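In what follows, a single structure is set out as structure tokens and then discussed.
The values are calculated or read from the model by the stated rules, or taken from the named source; none is laboratory data. Since the model is a prediction, treat every value here as computed from it, not as a measurement. With ideal geometry, Cβ positions are generated from the backbone for all residues, glycine too; neighbour counts draw on all protein chains shown. Surface areas here come from the heavy atoms of the whole protein model, side chains and all, with no ligands, DNA or RNA. Shrake-Rupley method; radii C 1.70, N 1.55, O 1.52, S 1.80 Å.
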Amino acid sequence: MINRIVVGAGYGLKDWIAQRATALVMAVYTLILLATLGALSPSSYEAWRAIFANGFMQFMTFLFFVSLFYHVWIGVRDIWMDYVKPDGLRLVLEIATIAALVGYAGWAAKILWRL
Amino acid sequence: MAEIAIKKKRPKNLDLPTIRLPLPGVLSILHRISGAVLFLLLPVLLWLFQQSLASPETYAAAKAVTGSFLVKLILLGLIWLYMHHFCAGIRYLLLDLHKGIDLQSARFSSKVVFAVSIALTLIVGAKVLL
Ligand code: HEM
């Protein structure tokens, strides 16, 4: 009989990598945005809108948001796991977190695709 | 075997107020706090982003909301939380690649994170809030 230990290694590795991959995407986007704002100094609605209406920035901004929501799901779930011990309450908080983040993703798409 | 090691008596100090947290420790807890606070404020930030882009009228309204000193101060605080999380996050990514993990480098890089994130906060704050 094989005695499997279910808490073995590998369980969190995918999340660990995803948290770092999304962090990298967001870090690159942050630099791009800072450079853009620095170069263009948008001071009117038209100039501000033009930044995000540009196809490349629209794509990058959406990529940022998707990375952010995945990143935050892993991070916030880790925080719930550290501080909230009752299983039921923790499950409720985790489901509420997912629901909020999925909603935000739709919201972000709506903001960007109306430009 | 692991149990034997754990049962060994080791000195413990759980009197929290007497523990002086070293700078890398402050950086670490602020990284968690900044992530959590930014998460909780996501709906407000998305709403502000939406208002700023939806139309010239909502853009002007968003500008008016962010015109008050108190709101500017709060936004400056949020910019700092973001910049801290961003810089500390990059430091973690480098540590994960085993760059700068000896004690001296780690202490030094935590100072760099505080200096750079505060400088970025002031630059970005001056740019978007003034
Ligand atoms: C440039 C952007 C960002 C970078 C480079 C970054 C980097 C990181 C890294 C490397 C971690 C893992 C830390 C660890 O394992 O100890 C992390 C955790 C986390 N991040 Fe981010 N992050 C970014 C943006 C954000 C944003 C905008 C939010 C929230 C809205 C956020 C929320 C979190 C949370 C809640 C955690 C978990 C914290 C913990 O477990 O202590 N991150 N981030």
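A few notes on this one:
- Answer residue from the range A:28-39, given it is closer than 20 Å to residue B:125 by Cβ and within 11 Å of chain B (Cβ to nearest Cβ) and is farthest from the ligand (Cβ to nearest atom) among those: A:38
- Residue that is farthest from residue B:85 (Cα to Cα) [pool: residues in the range B:44-54 that are away from the ligand (no atom under 11 Å from the Cβ) and open to solvent by less than 60 Å² (accessible area, probe 1.4 Å)]: B:54
- Residue in the range B:55-68 that is buried (at least 16 other Cβ atoms within 10 Å of the Cβ), within 16 Å of the ligand (Cβ to nearest atom) and within 13 Å of chain A (Cβ to nearest Cβ) present: no
- Unique match (being in a helix (DSSP H, G or I), at the interface with chain B (Cβ under 10 Å from one of its Cβ atoms) and not basic (Lys, Arg)) among A:25, A:76, A:92, A:102: A:76
- Whenever a residue of the range A:101-115 is under 12 Å from residue B:50 (Cβ atoms) and touching a residue at least 40 places away in the same chain (Cβ under 8 Å), its partners that are surrounded by 15 or more Cβ atoms within 10 Å (Cβ to Cβ) and of a type in the set (Ser, Thr, Tyr), lying with C-beta atoms within less than 8 angstrom and at least six residues away or across chains, give the pairs A:112/A:61.
- Figure legend. Inter-residue proximity from the range A:67-85: first residues of a type in the set (Lys, Arg), second residues more than 6 Å from the ligand (Cβ to nearest atom) and assigned to a helix (DSSP H, G or I), beta-carbon distance below 7 Å, spacing 6+ or different chains. Indicated pairs: A:77/A:94; A:77/A:97.
- Boolean, residue A:47 is surrounded by 11 or more Cβ atoms within 10 Å (Cβ to Cβ), modelled with pLDDT of 95 or more and more than 19 Å from residue B:124 (Cβ to Cβ): no
- Residue in the range B:79-93 that is surrounded by fewer than 17 Cβ atoms within 10 Å (Cβ to Cβ) and more than 13 Å from chain A (Cβ to nearest Cβ) present: no
- Of the residues B:97, B:120, the single one that is within 16 Å of the ligand (Cβ to nearest atom), crowded, with 17+ Cβ neighbours inside 10 Å and of a type outside the set (Val, Ile, Thr) is B:120.
- Within the range B:92-104, residues that are assigned to a helix (DSSP H, G or I) have Cβ atoms under 8 Å from residues that are not small (Gly, Ala, Ser) in these pairs: B:92/B:31; B:93/A:20; B:93/A:24; B:95/B:101; B:96/A:20, counting only partners at least 6 apart in sequence or on another chain.
- Residue in the range A:42-57 that is polar (S, T, N, Q), part of a helix (DSSP H, G or I) and more than 9 Å from the ligand (Cβ to nearest atom) present: no
- Test: residue A:45 is in contact with a helix residue (DSSP H, G or I) (Cβ under 9 Å, 6 or more places away or on another chain), more than 9 Å from every other protein chain (Cβ to nearest Cβ) and under 25 Å from residue B:47 (Cα atoms): no
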